[in-house]
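Structure first, commentary second.
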Amino acid sequence: MRPILMKGHERPLTFLRYNRDGDLLFSCAKDHTPTLWYADNGERLGTYRGHNGAVWCCDVSRDSSRLITGSADQTAKLWDVQSGQELFTFKFGSPTRSVDFSVGDHLAVITTDPFMERTSAIHVKRIAEDPQDQVADSVLVLQSPEGRKRINRAVWGPLNQTIVSGGEDAVIRIWDSETGKLLKESDGEVGHKKPITSLAKAADDSHFITGSLDKTAKLWDMRTLTLIKTYSTVVPVNAVTMSPLLNHVVLGGGQDASAVTTTDHRAGKFEAKFYDKILQEEIGGVKGHFGPINALAFNPDGRSFSSGGEDGYVRLHHLDPDYFNIKI
Amino acid sequence: MEVLDIDARAAKLGIDWSQVNLDSIQLPPGQDFGIESDDEAVYHDDQSEFDTGFGNIIVVDHLPVVPMEKFEKLEGVVKKIYNQIGVIKENGLWMPVDPDTKMTLGYCFIEFNSPQEAQNAKEKSHGYKLDKSHIFAVNMFDDFDRLMNVKEEWEPPQARPYVPGENLQKWLTDEKARDQLVIRSGPDTEVFWNDARQKNPEPVHKRPYWTESYVQWSPLGTYLVTLHKQGAAVWGGADTFTRLMRYQHSMVKLVDFSPGEKYLVTYHSQEPSNPRDASKVEIKVFDVRTGRMMRDFKGSADEFSIGGPGGVAGASWPVFRWAGGKDDKYFAKLSKNTISVYETETFSLIDKKSMKVDNVVDICWSPTDSILSLFVPEQGGGNQPAKVALVSIPSKVELRQKNLFSVSDCKMYWQSSGEYLAVKVDRYTKTKKSTYSGFELFRIKERDIPIEVLELDNKNDKIIAFAWEPKGHRFAVIHGDQPRPDVSFYSMKTAQNTGRVSKLGTLKAKQANALFWSPTGKYIILAGLKGFNGQLEFFNVDELETMATAEHFMATDIEWDPTGRYVATAVTSVHEMENGFTIWSFNGNLLYRILKDHFFQLAWRPRPPSFLTAEKEEEIAKNLKKYSKKYEAEDQDVSLLLSEQDREKRKALNEEWEKWVMQWKSLHEEEKLARQSLRDGEVSDVEEDEYEAKEVEFEDVIDVTEEIVQESM
């Protein structure tokens, strides 16, 4: 398995997203241009120019026609995937950290950071069929009880009935997406002890995995918020993903970016670690990055995955046949 | 007033109690209506502390009996004497006068500012000779009270019923013959069994905030000592760790056991308020079992160290070095130009005198005998040679000495059974610009203690590390230049050469800066700690071959277990990353690894020496096959059991997971229609998509070239 190195960003990677067909890969980085790649050979298809700050997150619609991106320039933008044209800009008074399209792509959930006087918030926007009809108004705004703590990720629950969020206060919350009521909070006893950095959900919205700086990743039931599994590693977890094909989860991380230059690269453990989803045991690791891993995504076909690092590279890995026969 | 009364009263007066803001009520100044202030109780408590009793009063007897004319003169003399020792309180001296004879009664009372001063004055002036016929007899006032109350008739002390103590050595009877280790990480201190078969430590005892600085095992492993603000405590017992004894010594910083663990030495130093003064040091020696303080030493740090002021940390630890052997008979202290040797029967100096040795800088006890080795550097600009000497205690007879010339430094290394002493000597070259090293080897057990000089093949090699094989005749030296020095092995006696040291072999260019012999000898770890990132080489010295090389990245500490079966390597919190420890087998197999954030300390529980004789041990080693059969069978059983348990566990986990998946599937199915409507009637869920794989053959004309083929004629 020789990875394909995709050098297109000039700054650390922040997020990776495959489209549903698994043929396109979108990457976001702290440079201002989200980039589109062929998921098979790593060729660059194009870029989306228009943001004026680090881009933290993106999502692509089910039919791969629309892209939504959230950026530190205090906007979220809608794009036409094919032409790269900017369709609409949502303006917020603070950086937008995460974006997610709902089932059916008629709604999007966008989180904003605490900034100046503003507290962190989760916004729900209606996405119009025709970009001409798009309006900026929020359908719903949710305020976290810990307003000064950042919300790092918010995604839709099953049937768009709930919104699941996690952030710096280490608590996972489930909200009613109709009324905005807080339905559930994760238990402090079993939950994460340090900020939650990443959240990825299963293809059928039944469960999701969270990664945290407390050096663990945890698997939760999306409807009941029951803790199902915990995966422990040796470094803070910045990124998580799950294989759609096998019972594997992948954790990526490394020490703080600020400590990278002062420690040996061998000590950093900039590895994507594979764990058995059920037995919670480590299966193996994929080395290569020379900075912490910030983003991970599995191709929906389960046969390849990509990782994005603080080093500015996206590494695209097509998994060997051996991988599909691992027995532990 | 009861709450009910208040309510009734308020109702009578027509006051709505809930509307009254109690905080807004202000009492007239100076009037409190008998309401006690919240901090009043505290205030009363403070007062009671000042009640010190008569502890600061001493009674001085055997003063001259003088008439009134001489009263003032005598008073003056007494005042003068005691003002030198402490501060006498105003009107603190009272000399009673017999009203009949108008003569003094020959005694007086003196009140000092503090009980400490009084105690000090008593100790210092008792037996003071004013003149031939007047020798002071000084007592504490409190003692008079106490002695007066002693009953006339002697009562036999009540014999307390015998309570059998716990078996403090129970851990040695572990059925699986495992060893214990203690670790400290974060606030927790934990004791584990090292269970190499299970590849996991088995917890014995865990306690957060067990100690306030560090923990230490006693030399024979019986006790674990913890340090606290109030003093030290030792823990041990049959099944779990209970507190066996406490030793009061406030703000204790360091502790040290005597080798037979009869005595515990505690150390405390206080920073001086004036930075130019030396820090104050207090050292106490306790009897471990009874908890009684046997002796305390107080003084400035200078008295407990040599070579200028003791610095911030105070004296170099351990201040008292214990003579070898299990008897705990002697301990010695090195200070400027003197060596003080104490014996534990009376806790006083041997012959009531310290040994005067000008300029002595280092002393070292033999680990088994009461022989002291000492080193005196060159003096008078080289006119007086440096000297290494062996002194027998308690006779103080010099057994052997050797003068050494142009020496810059010496280091003494005793072999663990006290048979040999190696002295590493750094000498100046002729130009005095650089130094080179050599060894002086003393054979203690042979007649007249012969000395042999050993120089390395390359005289200019720097010596990085030296270590004796425990209980053996061999030693290892790391020498040469960093970063790839050589490692050489020598033996004090070989089959061919019994009386001479001979070289066994040299390993070239090793990444090592520290040596760790197995406690049983034969095996050694050549370790590259710190700068070398934790390179480990497990080496068999009998065969002179490497068994394994490994790496524990950034390892800071290495410790063999007391039996020499396992090795622990640890990364302590000097680094941020990968704190924790790893257990290896003696031949370098990684057994298991435990990661702990903020990992401070790891220590194996020592074992007392074996009762088996050397012959018996040899016999066991010879017939090892016979003995090992039993253990191999046990190993097999354990591994079978483990894999069985593992299978069970995995099965359970898989079943549990299946349950979840079934539940999710059924819910997903239920929600199918709702999802469809959200997607504007689009049917497809990912898993329902039915891709049809068609093989399509496709032909394309890429290029057409015409080539004229000429038929050859």
Candidates B:Ser666, B:Ser610, B:Ser639, B:Ser643 - the one that is more than 10 Å from chain A (Cβ to nearest Cβ), within 30 Å of B:Asn579 (Cα to Cα) and surrounded by fewer than 12 Cβ atoms within 10 Å (Cβ to Cβ): B:Ser643
Confirm whether B:Lys596 is modelled with pLDDT of 85 or more and over 28 Å from B:Ile558 (Cβ atoms). no
When residues of segment B:407-459 are limited to those that are assigned to a strand (DSSP E or B) and of a type in the set (Lys, Arg), the one farthest from B:Gly499 (Cα to Cα): B:Arg427
Among the residues listed as B:Val360, B:Val388, the single one being under 29 Å from the mean Cα position of the chain (by Cα) and not charged (D, E, K, R): B:Val360
Pairs needed: first member in segment B:584-604, without any contact (Cβ under 8 Å) to a residue 60 or more places away in the chain; second member anywhere, of a type in the set (Ser, Thr, Tyr); C-beta distance under 8 Å; at least 6 residues apart or different chains. B:Trp584/B:Tyr566; B:Trp584/B:Thr569; B:Gly588/B:Thr549; B:Leu590/B:Thr582; B:Arg593/B:Thr582
Which of the strands (runs of 3 or more DSSP E) found entirely inside segment B:93-209 contain at least 2 residues meeting this: under 30 Å from B:Leu590 (Cβ atoms)? B:179-185, B:188-195, B:200-208
Go through the residues of segment B:176-187 one by one and say whether even a single one is surrounded by fewer than 13 Cβ atoms within 10 Å (Cβ to Cβ) and in contact with a Phe, Trp or Tyr (Cβ under 7 Å, 6 or more places away or on another chain). yes
Test set (1) more than 30 Å from B:Glu618 (Cα to Cα); (2) crowded, with 19+ Cβ neighbours inside 10 Å; (3) among the hydrophobic types (A, V, I, L, M, F, W, C) - B:Leu526 fails condition number: (1)
Looking across segment A:1-42 at residues that are closer than 19 Å to A:Pro292 by Cβ and surrounded by fewer than 17 Cβ atoms within 10 Å (Cβ to Cβ), the single one that is nearest to the chain's Cα centre (by Cα) is A:Arg11
Taking segment A:214-237 and keeping residues within 12 Å of chain B (Cβ to nearest Cβ) and either more than 16 Å from B:Gln663 (Cβ to Cβ) or assigned to a loop (DSSP other than H, G, I, E, B) (or both) leaves A:Asp214, A:Lys215, A:Met222, A:Arg223, A:Thr224, A:Thr226, A:Ser232, A:Thr233, A:Val234, A:Val235, A:Pro236
Lone qualifier among A:Val124, A:Val103 - being out of contact with any Pro (no Cβ under 6 Å at 6 or more places or on another chain), at pLDDT 90 or above and away from chain B (no Cβ under 14 Å): A:Val124
Residues of segment B:538-595 satisfying the condition of being among the charged types (D, E, K, R), within 12 Å of chain A (Cβ to nearest Cβ) and touching a Phe, Trp or Tyr at 6+ places or on another chain (Cβ under 7 Å): B:Glu578
Check on B:Leu220, surrounded by 15 or more Cβ atoms within 10 Å (Cβ to Cβ) and not in a strand (DSSP E or B): yes
Do you know which of the residues in segment A:203-213 that are small (Gly, Ala, Ser) and facing another protein chain (nearest Cβ under 8 Å) is surrounded by the most Cβ atoms within 10 Å (Cβ to Cβ)? A:Ser206
So B:Lys649 fits all but one of (1) over 30 Å from A:Pro158 (Cα atoms); (2) surrounded by 13 or more Cβ atoms within 10 Å (Cβ to Cβ); (3) facing chain A (nearest Cβ under 10 Å); what number is the exception? (2)
When residues of segment A:106-119 are limited to those that are farther than 15 Å from A:Ser61 by Cα and of a type in the set (Val, Ile, Thr), the one farthest from the other protein chains (Cβ to nearest Cβ): A:Thr119
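Give the residues of segment B:121-149 that are of a type in the set (S, T, N, Q) and surrounded by 15 or more Cβ atoms within 10 Å (Cβ to Cβ), sorted by residue number.
Scanning segment B:121-149 gives B:Ser125, B:Asn139.
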Any residue in segment A:162-171 that is within 14 Å of chain B (Cβ to nearest Cβ) and either in a strand (DSSP E or B) or touching a residue at least 12 places away in the same chain (Cβ under 8 Å) (or both)? yes
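The values are calculated or read from the model by the stated rules, or taken from the named source; none is laboratory data. Predicted, not measured: the structure shown is a model, and the values here were computed from it. Note: ideal-geometry Cβ built from the backbone for every residue, glycine included; neighbour counts use all protein chains shown.
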